[in-house]
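What follows is a short report on a single structure.
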Amino acid sequence: ATARERLLASRLPPVVGHGALTGVHVRWNEGPGGVPAAVVHGWDELTARPEAVLAGNVAAVFNALPGQPRIAPVVDGERVLAAYQAQAGRDFSTDEREVAWATSAWVACHAAALEHLAGAAGQATHQIVADAALRLHLAGC
């Protein structure tokens, strides 16, 4: 099965969230008592998708910065998903974990395609070539 087929097979309920939560849309400011506080921009990216899709997207592109699109390696994505689940106070089901990784693969391939449309392979292309098989394995594909 492909990442797309895995995503379409899931019947997880949608939640409302930010569809492009990356360094492009998040800034960190000093909050009360010096504790970092996140400020989120780009609310035109608000969407209704399964929570696992939103988390998988963050796991793939959390390290992107303005003018520096990037795809995170799987090991970093695993840390992001673990932190997300810990913060949520629950572990993802098998379906949710697979959907998160299918989303990660889909987003990485999309970013690589955009690089090629711009004329050259970049970091996203190199990352998905390096770990596509693992992302798809984790997606249950």
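The values are calculated or read from the model by the stated rules, or taken from the named source; none is laboratory data. Note that the structure is predicted; figures quoted are calculated from it, not measured. Here Cβ is always computed from backbone atoms with ideal geometry, including for glycine, and neighbour counts include all displayed protein chains. Note: areas computed on protein heavy atoms with side chains; ligands, DNA, RNA excluded. Shrake-Rupley method; radii C 1.70, N 1.55, O 1.52, S 1.80 Å.
Give me the percent of Cα-Cα pairs in the chain that sit more than 20 Å apart, rounded to a whole number.
More than 20 Å apart: 47 percent of the Cα pairs in the chain.
Amide H of V15 versus every other amide H placed in the peptide plane: which residues, excluding those fewer than 5 positions away on the same chain, fall under 5 Å?
HN-HN under 5 Å from V15: R49, E51.
Would segment 12-67 count as rounded, prolate or oblate if I go by the C-alpha gyration tensor, calling it rounded below 1.5 in a/c and otherwise prolate when a/b exceeds b/c, oblate otherwise?
prolate
Estimate the FRET efficiency between V35 and Q68 by the formula 1/(1 + (r/R0)^6), using the beta-carbon distance for r and 25 Å for R0, to the nearest 0.05.
For R0 = 25 Å, the calculated efficiency reads 0.40.
Return the whole-Å distance between the Cα centroid of segment 76-113 and the Cα centroid of segment 1-62.
Between the Cα centre of segment 76-113 and that of segment 1-62, the gap is 10 Å.
How large is ³J(HN,Hα), in whole Hz, for each residue of segment 108-116 in order, when computed from phi with the Karplus curve 6.51 cos²θ - 1.76 cosθ + 1.60 and θ = phi - 60°, using x for Gly and Pro?
Taking θ as phi minus 60°, the curve returns 5, 5, 4, 4, 5, 4, 5, 4, 5 Hz for segment 108-116.
Would you tally the net charge around R70, using a Cβ to Cβ cut-off of less than 14 Å, leaving R70 out, and scoring K and R as +1, D and E as -1?
Net local charge, R70 excluded: -3.
How many nm separate the modelled label positions at H110 and H137, each set 7 Å beyond the Cα in the direction of the Cβ?
Taking the two extended label points, one gets 2.6 nm.
May I ask you to give the percent of accessible area on segment 52-119 that is carbon plus sulfur, with a probe radius of 1.4 Å?
Exposed carbon and sulfur together represent 61 percent of the surface.
Can you give me the accessible area per residue for the chain, using a 1.4 Å probe, in Å²?
Value for the chain: 56 Å² per residue.
Calculate the dipole size of the chain relative to its Cα centre from +1 charges on Lys and Arg beta carbons and -1 charges on Asp and Glu beta carbons; express the result in debye to the nearest 20.
Rounded to the nearest 20 debye, it is 80 debye.
Write out the GluC sites (Glu not before Pro) in segment 1-78 meeting two conditions: DSSP loop, and at most 12 other Cβ atoms within 10 Å of their Cβ.
Loop-located and lightly packed - none at all.
Calculate one ³J(HN,Hα) per residue across segment 68-74 by plugging θ = phi - 60° into the Karplus curve 6.51 cos²θ - 1.76 cosθ + 1.60, and present them in order as whole Hz with x for glycine and proline.
With coefficients 6.51, -1.76 and 1.60, one gets 9, x, 8, 10, 6, x, 3 Hz.
FRET efficiency for Q85 and A120, Cβ-Cβ distance as r, R0 = 35 Å, nearest 0.05?
That pair, Q85 with A120, gives E of 0.45.
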